[in-house]
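Below is one structure, written out as structure tokens; comments come after it.
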């Protein structure tokens, strides 16, 4: 297991294996998303409380979940990179941030569109989940801004890893403080997490897996780019690129 | 646990060595596979043109810059495993003096004394010798660059450590000042100290010297 | 333990010396201490001009305005926490000192709080009274500001360390620190509001205290790591 | 079929969410692909130039 881990952390090996893996993840993910979307939009009966508007959860929940998972990946990768000095880990962090920011933005937008028919407002300051997502988006922006303003890659890697770790501690605190705050201000009655019927739950489950796979494929592609850039002076990159068949 | 006193520490011989150092800064590989060893009483000079990576190397040896590859040893133990111990044995002198322009000489050196082990030498004598005794009460901002340089030399002399790091010690100094620096290094090494120096000009000195040339 | 005169000075000496040096520097450059205070007062002046001077409005928005202004003023002062040390080479000296870097960093942050947070605490009552805050609430506000600015200084020192030596450091520092500082402001401002409406405000105060203790024990390590990275 | 697309009056909300999701997913993968191509081409150009010089 440990040996395999080390092998995976070797850039040329990772570069080769991810080239095979990424398209399969994408295809599998897209099939599941297509099925889930069709089910979610047309097959699943509408919710008796929210009507057809509840169908938004099939895109909202996966994007909210991915926004947090991307941050977890970013912070974990940062810790691994700082502690064990594995360079590939920093590449993972750099690759996860823009995707995570994209899904956070998506989660905010879909949440807000869902909120309009449900609460009658596009934005509800009193909702702890929306506030946490917003602050998460700011954290992503900070992370990317810090990374892009340091020219030296190695330095940018380490500095942004520290920031990601400080941020992850804070995400938890943000969540609790916002929850306390909204309890003071009588947050609008957010829908209760009622039990969902199985035929509603299964498409959501499929969507979650599909989005995760698609995310994995996007992440792999970006990590490959990062690896290529960081290893641009090494022999294996030189040999691969100058070889007649190339290695895109 | 008993801490070693200065005299005991000086009686010991120390060793600073590096094995297979590689350093990459941004786009450039500054050096590769660099090794050296320095023992008590010796001087290590890092030579090369301006901007060739001397300063990066000396910073890396002092533990301020992380290396791509290689290990630096203090008494045969990797420095990263005993950072505090290693830093307790060195003093750092560089172009940026690390002295506060708004504070007086005495205030500046007083701060340093509370961070680092200090020698038994009388500060007044040291000031006298360096020709800065008259400036004691002045704010450092009002001193010339050469005089500020001498103040940082005073900090070096007042610290009770075997290892001196000097990054370009001759800049901003007149002939007399340069001769003084040489004299101080010779004296330090003859007492069993050691010195790592980065310099872009030739240094003629009667101390066992190791030279590392960086292309 | 036989500590001879030549041994490296102890931790508390290092901590005290760094604090003392920074306080001395602040004393010689009072502008660095006063500017954030003027800024604080000016932001507090802006709000009534923008939203109107009615007593009801002021009473209602007072805690929030004072807290936002305090947050921004602290942010303003954080900028210079490590910059001069970075420029004159003092940072190099701190990094190669035999004292543990987190301790020295704590000393510097303590000095920062004494010259930025604490003056804010003492200036705030004057502005609070102009916002018609009752005296009993002013006490709560001073307490939350004192606790909150400790955390702000500590948390901000991480951001200041990460951005030291960068070209666009100032703007970046706010971008990094503001999201992290939000919980502190939420806790502080709402505790004061609760006190103003005669509610139980102790939850907020306790949480701020816990936050301050947690950041006292964790932030210096992060700042020290960030400084080593930034000064490479 | 009309009832399916109108979503009981919530059609605009539901469809805008799904299209936004589509747009963002496409945007993210397009950006990823673009950057990959750019980095690859930059390295290729640099290496070719180096080879020519030798």
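Among the residues of the range B:86-122, count how many are part of a helix (DSSP H, G or I), more than 25 Å from residue B:142 (Cα to Cα) and within 7 Å of chain C (Cβ to nearest Cβ).
Here is the first cut: in the range B:86-122, the ones part of a helix (DSSP H, G or I) are B:86-87, B:105-113.
Still in the running and more than 25 Å from residue B:142 (Cα to Cα): B:86-87.
Keeping just the survivors that are within 7 Å of chain C (Cβ to nearest Cβ) gives B:87.
Looking only at that region, the number is 1.
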Checklist entry - Which residues, taken from the range B:54-79, are within 14 Å of chain C (Cβ to nearest Cβ) and touching a residue at least 40 places away in the same chain (Cβ under 8 Å)? => result B:55, B:57, B:58, B:59, B:61, B:62, B:65, B:67, B:68, B:72, B:74
Next on the checklist: Taking the condition of being more than 10 Å from every other protein chain (Cβ to nearest Cβ), under 20 Å from the mean Cα position of the chain (by Cα) and buried (at least 21 other Cβ atoms within 10 Å of the Cβ), how many residues in the range A:33-64 meet it?
Outcome noted: 2
Next on the checklist: If I ask for residues that are more than 7 Å from chain C (Cβ to nearest Cβ) and within 18 Å of the chain's Cα centre (by Cα), which ones from the range A:148-166 would you list?
Outcome noted: A:160, A:161, A:164, A:165
Checklist entry - Are any of the residues in the range C:146-158 part of a helix (DSSP H, G or I) and either at pLDDT below 90 or surrounded by fewer than 22 Cβ atoms within 10 Å (Cβ to Cβ) (or both)? => result yes
Checklist outcome for this item: Residue set C:175, C:162; condition facing chain A (nearest Cβ under 10 Å), surrounded by 24 or more Cβ atoms within 10 Å (Cβ to Cβ) and either in a loop (DSSP other than H, G, I, E, B) or out of contact with any strand residue (DSSP E or B) (no Cβ under 7 Å at 6 or more places or on another chain) (or both); output residue C:162
Next on the checklist: Going by what's in this entry, would residue C:160 be described as more than 21 Å from residue C:65 (Cα to Cα), without any contact (Cβ under 8 Å) to a residue 24 or more places away in the chain and within 18 Å of the chain's Cα centre (by Cα)?
Outcome noted: no
Checklist entry - Quick check: is even one residue across the range B:169-191 surrounded by fewer than 17 Cβ atoms within 10 Å (Cβ to Cβ), in contact (Cβ under 8 Å) with a residue 12 or more places away in the chain and closer than 20 Å to residue B:118 by Cβ? => result yes
Item to check | strands (runs of 3 or more DSSP E) lying entirely in the range B:130-215 (those with 2 or more residues that are within 14 Å of the chain's Cα centre (by Cα) and either at pLDDT 90 or above or over 18 Å from residue B:36 (Cα atoms) (or both)) | outcome: B:163-167, B:194-199
Checklist outcome for this item: Within the range B:31-53, the residues that are in contact (Cβ under 8 Å) with a residue 60 or more places away in the chain and on the phi > 0 side of the Ramachandran plot are B:41, B:48, B:53
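Say we look at the range C:8-19 and pick out the residues that are assigned to a helix (DSSP H, G or I) and touching a residue at least 24 places away in the same chain (Cβ under 8 Å); which of these is nearest to the other protein chains (Cβ to nearest Cβ)? Give the derivation first.
Start the filter on the range C:8-19 by keeping residues that are assigned to a helix (DSSP H, G or I), which leaves C:11-19.
Next, from what is left, pick out any that are touching a residue at least 24 places away in the same chain (Cβ under 8 Å): C:11, C:14-19.
Working: C:11: 11, C:14: 6, C:15: 10, C:16: 7, C:17: 4, C:18: 8, C:19: 11 Å.
Out of the qualifying residues, it is C:17.
Criterion first (under 20 Å from residue C:16 (Cα atoms), facing another protein chain (nearest Cβ under 8 Å) and in a helix (DSSP H, G or I)) does residue C:93 satisfy it?
Values: under 20 Å from residue C:16 (Cα atoms): yes; facing another protein chain (nearest Cβ under 8 Å): yes; in a helix (DSSP H, G or I): yes.
Answer is yes for this residue.
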Item to check | Breaking point among (1) surrounded by fewer than 18 Cβ atoms within 10 Å (Cβ to Cβ); (2) out of contact with any helix residue (DSSP H, G or I) (no Cβ under 7 Å at 6 or more places or on another chain), for residue A:154 | outcome: (1)
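Against the condition within 8 Å of chain A (Cβ to nearest Cβ) and without any contact (Cβ under 8 Å) to a residue 24 or more places away in the chain, how does residue C:207 come out, does it pass? Give the steps one after another, and end with the answer.
Details: within 8 Å of chain A (Cβ to nearest Cβ): yes; without any contact (Cβ under 8 Å) to a residue 24 or more places away in the chain: yes.
Yes, satisfied.
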Item to check | In the range C:221-232, the residues that are surrounded by fewer than 24 Cβ atoms within 10 Å (Cβ to Cβ) and more than 7 Å from chain A (Cβ to nearest Cβ) | outcome: C:221, C:224, C:228, C:231
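The values are calculated or read from the model by the stated rules, or taken from the named source; none is laboratory data. All values derive from a computational prediction rather than experimental measurement. Reconstructed Cβ throughout: ideal geometry from the backbone, glycine too, with neighbour counts over all protein chains shown.
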